[in-house]
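Structure first, then comments.
Quick note: the coordinates plus some simple rules give every number you see, no bench work behind them. These numbers come from a predicted model, not from an experiment. Here the Cβ positions follow ideal geometry from the backbone for every residue, glycine too, while neighbour counts run over all protein chains shown.
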Amino acid sequence: MGSPPGQNSPPASEPAPPIPESQRKFMDNPEVVVVATKKVACDGGGGALGHPKVWYDMSEEDHVECKYCDRVFALKGGSRDPGK
Ligand SMILES: [Zn+2]
């Protein structure tokens, strides 16, 4: 996070194989959940991606990533708020 795109890219000698949309979603676009408080609970939303409910405290940050399901909880109005 933070580096401009392309700066650390390898030489573009070979085009990268296309990544299926469904897979790309997990790699580059973890689900961002906008929350109003710094303390959040995540249980993965249940179902196949569910996990035991855990609590996270953003502390000094304005976002926190769930270590189980890679969801990002972004503080409303913070740097990771996609709706800003
Ligand atoms: Zn989670």
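So what's the net charge close to SER59: Lys and Arg +1, Asp and Glu -1, counting the other residues with Cβ under 14 Å from its Cβ? Display every interim value, and only then the final one.
Numbers: positive: LYS38, LYS39; negative: ASP57, GLU60, GLU61, ASP62, GLU65.
Once positives and negatives cancel, what remains is -3.
For the pair ASP43/GLU31, report the inter-label distance in nm, with labels modelled 7 Å from Cα in the Cβ direction.
The two pseudo-label positions are separated by 1.3 nm.
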